[in-house]
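All remarks here apply to the structure that follows.
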Amino acid sequence: MNIELAILLAVAAVWLTAGLVADGLPDAGTARGLRRRTALLVLLAGTGVAAMAGVAAVALSTTDAAADQALRALALPALPAAVVAVATTRRLVRLHRGARAFASAPHTPAPPALRAAAAHPLLAMPLQVAGLLTLPATVTAAGLAELTGPTMLGLVLTVAVLAGATIGVRHSLRHDRLATRAVTVLRAGRVPTGPGPAPVSRRSAPASGVL
């Protein structure tokens, strides 16, 4: 395995794992589960951004061919990675703080306001798009297919745009559904009972600020 492929595989693994964790974030059943998943996601997002920044730093400071090729290959996921660094990480930290407020009662069902915040498109979408955009470069580096020609690159970009739009619409719909439920529960002032996604009482109202 060459160095370029190893770098791309590692970066792709981090982003794809982060995308999977982010997709299941709103499904956390308890405040403790939400807090743990959010902490893991902060770690994965930070690792992904740091890895790409490290590749860029090495490529710009040396004449290493493998690092230079890896940097060119990571040009596509650079934009969603920047969104993660600027917006997603900040939202994750706020979400973690909201979940940490329930540390004294870790088995408390995750409040609807926090679940809605966990479903915000700016959390999962940039992570998943970044992971998606690392795949073409990884496939090319592995020698499975040549995706660097003008025609193939245009096809890859088209597929990436369509996939990104689909991911964005999916997360937007889920966020709207959970946010509507959170507002309804908050207005009703109901306390969670029974299994499944639980309403939040009026004492948990400050958590709505993370939507």
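The values are calculated or read from the model by the stated rules, or taken from the named source; none is laboratory data. Just so you know, these numbers come straight off a predicted model, no measurement behind them. For accessibility, only protein heavy atoms count, side chains too; no ligands or nucleic acids. Shrake-Rupley method; radii C 1.70, N 1.55, O 1.52, S 1.80 Å.
For the chain, with all protein chains present and a 1.4 Å probe, just round the carbon and sulfur fraction of the accessible area to a whole percent.
After summing per-atom areas, the C and S share lands at 67 percent.
Using amide H atoms built in the peptide plane, which far-off residues or other-chain residues are under 5 Å from T30 H to H?
A110
Can you tell me which of V83, V169, V21 moves the most in a GNM of the chain? Springs connect C-alpha atoms under 10 Å apart.
Evaluated over the chain, the most mobile residue of the options is V169.
For the range 130-138, take each phi angle, set θ = phi - 60°, evaluate the Karplus expression 6.51 cos²θ - 1.76 cosθ + 1.60, and give the result in whole Hz per residue in order, putting x for glycine and proline.
4, x, 4, 6, 7, 5, x, 5, 5
Compute a Gaussian network model of the chain, connecting alpha carbons closer than 10 Å, and tell me which residue from A163, A22, A124 fluctuates the most.
A163
Which entry is the computed Rg/Rh (Cα atoms, Kirkwood Rh) for this structure: (i) 0.94; (ii) 1.07; (iii) 1.01?
Of the labelled values, this structure produces (ii).
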